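Heads up, the thing below is written out as structure tokens.
Taken together, the values in this text are just the output of simple stated rules run on the coordinates, not laboratory data. Small disclaimer: the values here were computed from a predicted structure and weren't measured. We place every Cβ from the backbone using ideal geometry, glycine too, and count neighbours over all the protein chains shown.
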Amino acid sequence: MLGEKVLMKGNEAIGEAAIRAGCQLYFAYPITPQSELPQYLARRMPEEGRVFLQAESEIAAINMVYGAAGTGARVMTSSSSPGISLKQEGISYIAGAELPCVIVNIVRGGPGLGGIQPAQSDYFQATKGGGHGDYRLIVLAPASVQEMVDLTILAFDLADQYRNPVMILGDGVLGQMMEPVEFKDFEPVKIPKPWATTGRKGREKNIINSLYLDPTKLEEHNWHLQAKYREIAEKEVRYDTYRSEDAEVLVVAYGITARIARTAVDMARAQGIAAGLLRPITLFPFPTEAIAQAAEGAKALLTVELSAGQMVEDVRLAVNGKRPVYFYGRTGGMMPTPEEICREIVKVAGKEVAE
Amino acid sequence: MKVVFERPRALSDVTTHYCPGCTHGIIHRLVAEVIDELGILERTIGVAPVGCAVLAYNYLECDWQQAAHGRAPAVATGIKRALPDRVVFTYQGDGDLASIGTAEIVHAANRGERITVIYVNNAIYGMTGGQMAPTTLEGQVTATSPRGRDIKQAGHPMRMAEMLATLPGVSYLARVAVNKPANIMKAKKAIKQAFMVQIDDLGFGMVEILSTCPTNWGLQPAKAMEWVDEKMIPYYPLGEFKVPGEVK
Amino acid sequence: MKQEFIIAGFGGQGVLLLGQMLAYAGMLEGKQVSWMPSYGPEMRGGTANCTVVISDEEIGSPVVSQPSCVIALNLPSLDKFEPMVKPGGLLLINSSLVDREPRRDDIKAVALPATEIASELGNIRVTNMVALGALVQLTGIASFSTLEEVLKKVLPEHRHSLIPLNLQAIQRGAQEVKA
């Protein structure tokens, strides 16, 4: 498969990328629309002499991840929205105990059981901390099947580097769609893990823990976590732009929505509107600076999401009132067409660009 | 001079936070003695629960992971699957194992996870201040059953050992008590057996240990020991519920 | 140059595989491709569809509201997707299962008795290949030799004995729509 282009589903591409990134254990519970991922790894992990285990619940799966990550192994779990809600307790513990792992959320419409069609309505949960306590996940938002591969590999490295859980935030379309992907030859980054609980032979005992009963110690721990998140925010922001240099209407969108918006930008340009696109690739850390700078040159911004408006709050914080920020969203599994987004661009241009 | 009594190597030289008369200390010591006798301290990883034993990681000298409430068997599964040649045990109370963590314990047992579970049943929630546990006896007064546990309203006390013994993945399962020397000797034997079935790759091993909570039972320590005999053992009979085929 | 296809029919008619082969063919010929399925309960017996985009340039939206070509293997699919075809686009109808005429006159509609042809070939399951052959003939989206290569890639090794039958179905579909 090396160096050759193959047509793969997004869910399966994540699975293969995880194997190449050296993922040793994978624990999960089936849920649509990500079930191709456990199915793929149920076949592939044993082939590679690694561990696949279907847990009794998402709660058990994330706690198995906790245990395995605590031994220093590279480990992953995946689910879709309702299942990710169940994992939140474990994710908070993992963040508190500073364990590296990769969590995949192939988002579907909510709230509650919602539906099984694509959505981006878990943005708040992913980026603001869906569980209790002051913590952050590193959140990566692929927009193509190739990027699902590249960002999965990156996710394992970032997790180890920062001792932090990393979430791949996809959606039902990205999980289900097929595109050509290429797996490049690479050596997974190897970071020493002297903190791992592997048996205390030749050293003092190690404890994986998120409990600090002494408030001064817990505050200290929290400041340590916050310093780490600041470092991540300084070093790990990733985003992409498209025709944004002279854009008067700057569209901000991530994931599959950014793909549709990109086509809409071309349509608007064909109608003589200077539209452009900024696509956050990391949702935490958020490309606040990049958006603030791009906003300087634009007359207005338009955030497009498969939600009732979540990322738009971060865009507004970045723009800080200097420019109007409009929002267009579809929810419940409905997808906007490029024409639909183009109409919104035209509308915003009519309000803000016309002299 | 001949040493006739010493601290097990696996037991930390610290003062525990447990209340006077609480039997967690005895159980910790038994686990430490077994770890010493089996010579496994350097390859053992314990999983601490939420509850009174949450700080168990401070009292035994092996590596530890602290788990979310009830999830210790899942965490232990993750550790054991990553490191199959290590010895992994959980130390859980009755709220942790028999209430919030029922799914995790049942499925770990059913998969025959090669882990050892030390299950401490004192018929009450200790850490949170004496509320009703799934194991609280009928009529027993607690902070959340002030008129005594009414089984019509709150259901029956859970017999976890009997329930889990029905699962084919379980290799060793016993219920013991630590309220008097003879019982303590038997408890240690059972704990050792529960570790042995893991080391010998036979299956899941668990010991349910009837323990005391003088503070929340509102009894003097000596009375609490008697209460185990009088009230608990009649409902939670001692004995081996499952032993590995070879030694049957 | 960008072409957008929606392929629709009953679950079990092989519409998803048809779309995958089309995408694969495009990829082997050096184009950018995307394949997006409908998913959910319709996979289990209802109607299924997929969207394929084949382009010389990087593909933006894999979601398409005005496809340049629609293949409708049954009536519900025709009803749903006929109105979406881009003016001047192509509508390929499985006339074996659809008893009505197309309503649009601003597109090129082609009737293809795909199920009957597949049945003549002895296996109704190659209906999708008959349609694929016709589509490739009508659009020139890929070469027939590429399709043979694609079959080798999408069919698992133990199914390679079926390649000749599939190729035959593709050829029959192509012949059927030759002017």
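Starting at the first residue of the range A:148-156, write each ³J(HN,Hα) from the Karplus equation 6.51 cos²θ - 1.76 cosθ + 1.60 with θ = phi - 60°, in whole Hz, x for Gly and Pro.
Couplings: 4, 5, 5, 6, 5, 5, 4, 4, 5 Hz.
Largest first and in whole Å, give the semi-axes of chain B's equivalent ellipsoid, each being the square root of 5 times a Cα gyration tensor eigenvalue.
Equivalent-ellipsoid dimensions as semi-axes: 26, 21, 17 Å.
May I have the convex hull volume per residue, in Å³, for the Cα set of the range A:116-202?
Normalising the Cα hull of the range A:116-202 by residue number yields 142 Å³.
For the range B:79-89, in order, what is each residue's ³J(HN,Hα) by Karplus, 6.51 cos²θ - 1.76 cosθ + 1.60 with θ = phi - 60°, in whole Hz (x at glycine and Pro)?
Computed from phi, the couplings for the range B:79-89 are 5, 5, 5, 6, 10, x, 8, 8, 9, 10, 9 Hz.
Could you compute the FRET efficiency for A:GLU182 and C:ASP56, with r as their C-beta to C-beta distance and R0 at 25 Å, rounded to 0.05?
The computed FRET efficiency comes out at 0.85.
Show me, for the range A:233-249, the HN-Hα J-couplings you get by feeding each phi into the Karplus relation (A = 6.51, B = -1.76, C = 1.60, θ = phi - 60°), rounded to Hz, glycine and proline as x.
In residue order, the calculated couplings are 5, 6, 9, 10, 5, 9, 7, 9, 10, 9, 6, 9, 3, 10, 5, 8, 10 Hz.
Can you compute the FRET efficiency between C:SER143 and C:ASN123 using 1/(1 + (r/R0)^6), with r the Cβ-Cβ distance and R0 = 22 Å? Round to the nearest 0.05.
Here the calculated transfer efficiency is 0.35.
Rounded to the nearest 500, what is the 222 nm mean residue ellipticity of the protein assembly as shown from helices alone, with -39500 (n - 2.57) per DSSP H run of 4+ residues and division by all residues?
The per-residue figure over the protein assembly as shown is -11500 deg cm²/dmol.
Report, as a whole number in µm² per second, the diffusion coefficient that Stokes-Einstein gives for the range C:101-156 at 37 °C and 0.692 mPa s using the Kirkwood radius over alpha carbon pairs.
Here the translational diffusion coefficient equals 255 µm²/s.
Spin-label point model (7 Å from Cα, Cβ direction): what's the A:ASP246 to A:GLU48 distance in nm?
Spacing of the two 7 Å Cα→Cβ label points: 4.7 nm.
With labels modelled as points extended 7 Å from the Cα through the Cβ direction, what inter-label distance (nm, one decimal) is found for B:THR144 paired with C:ASP106?
Each label point lies 7 Å from its Cα, and together they span 6.7 nm.
Angle check, please: helix A:10-20 long axis (alpha carbons) against the longest principal axis of chain A (alpha carbons), in degrees 0 to 90, nearest 10.
Result, in degrees: 40.
Taking the Cα centroid of the range C:89-141 and of the range A:34-96, what is the distance between the two, rounded to the nearest whole Å?
The distance from the Cα centre of the range C:89-141 to that of the range A:34-96 comes to 45 Å.
Taking neighbour counts of Cβ atoms within 10 Å as a proxy for exposure, in what order, fewest first, do A:ASP246, B:ASP229 appear?
In increasing order of surrounding Cβ atoms, one gets A:ASP246, B:ASP229.
Enumerate the amide H contacts of B:TYR91 below 5 Å, restricted to partners 5 or more residues apart or on another chain; note that Pro and chain-start residues carry no placed amide H.
Counting only residues 5 or more places away or on other chains, the set is B:VAL47, B:ILE118.
Amide H of C:VAL70 versus every other amide H placed in the peptide plane: which residues, excluding those fewer than 5 positions away on the same chain, fall under 5 Å?
Amide H neighbours of C:VAL70, under 5 Å, 5+ apart: C:ILE6, C:LEU90, C:LEU91, C:LEU92.
When only alpha-carbon atoms are used, what values of Rg and Dmax, in angstrom, describe the range C:45-179?
When restricted to the Cα atoms of the range C:45-179, Rg and Dmax are 15.1, 45 Å.
For the range A:167-266, which GluC sites (Glu not before Pro) are both in a DSSP coil and crowded by at most 14 other Cβ atoms within 10 Å?
Passing sites in the range A:167-266 are A:GLU204, A:GLU245.
For chain C, modelled as a GNM with alpha-carbon contacts under 10 angstrom, which of C:ALA111, C:ALA25, C:ALA134 fluctuates the most?
C:ALA111
Considering only DSSP beta bridges with both partners in the protein assembly as shown, what is the antiparallel share in %, to the nearest 5?
Bridges in the protein assembly as shown are about 30 percent antiparallel.
Computed over the Cα atoms, what is the radius of gyration of the protein assembly as shown divided by 2.2 N^0.38 Å, N being its residue count?
Cα Rg divided by the expected 2.2 N^0.38 Å: 1.12.
Can you pull out the chymotrypsin sites (Phe, Trp or Tyr not before Pro) in the range A:153-245 that DSSP calls coil and that have at most 15 other Cβ atoms within 10 Å?
A:PHE186, A:TRP195, A:TYR212
Provide A:HIS221, B:HIS24 in ascending order of the number of other Cβ atoms located within 10 Å of each residue's Cβ, fewest first.
A:HIS221, B:HIS24
Wrap a convex hull around the Cα atoms of the range B:90-190, take a quarter of its surface area, and give that in square nanometres.
The number I arrive at for the range B:90-190 is 7.1 nm².
Could you tell me the ratio Rg/Rh of the range A:26-111? Both radii from Cα atoms, Rh via Kirkwood.
With Rg and the Kirkwood Rh in hand, the quotient comes to 0.95.
How large is Rg/Rh for chain A, to two decimals, with Cα atoms and a Kirkwood Rh?
0.99
Just tell me how shielded C:27-34 is by partners: mean number of partner chain Cβ atoms within 10 Å of each residue's Cβ, no decimals.
Counting Cβ atoms of other protein chains within 10 Å of each residue's Cβ and averaging gives 3.
Pick out, in residue order, every one of the trypsin sites (Lys or Arg not before Pro) in the range B:55-164 that is DSSP loop and has at most 16 other C-beta atoms within 10 Å; say none if there are none.
Loop-located and lightly packed - B:ARG147.
Can you tell which of A:VAL251, A:ILE345, A:ILE281 lies farthest toward the positive end of the dipole of the range A:240-352, using +1 and -1 charges on the Cβ of basic and acidic side chains (Lys, Arg; Asp, Glu)?
With unit charges placed on the Cβ atoms, the residue in question is A:ILE345.
If you take the Cα Rg of the range A:146-192 and divide it by 2.2 N^0.38 Å, with N the number of residues, what do you get?
Output field value: 1.31.
What is the Cα coordinate range of the range A:243-355 on the first, second and third principal axes, sorted by size from largest, in whole angstrom?
Extents along the principal axes, in whole Å: 34, 31, 20.
Calculate the FRET efficiency for B:MET1 and B:ILE199 from the Cβ-Cβ distance with a Förster distance of 35 Å, rounded to the nearest 0.05.
Result of the calculation: an efficiency of 0.55.
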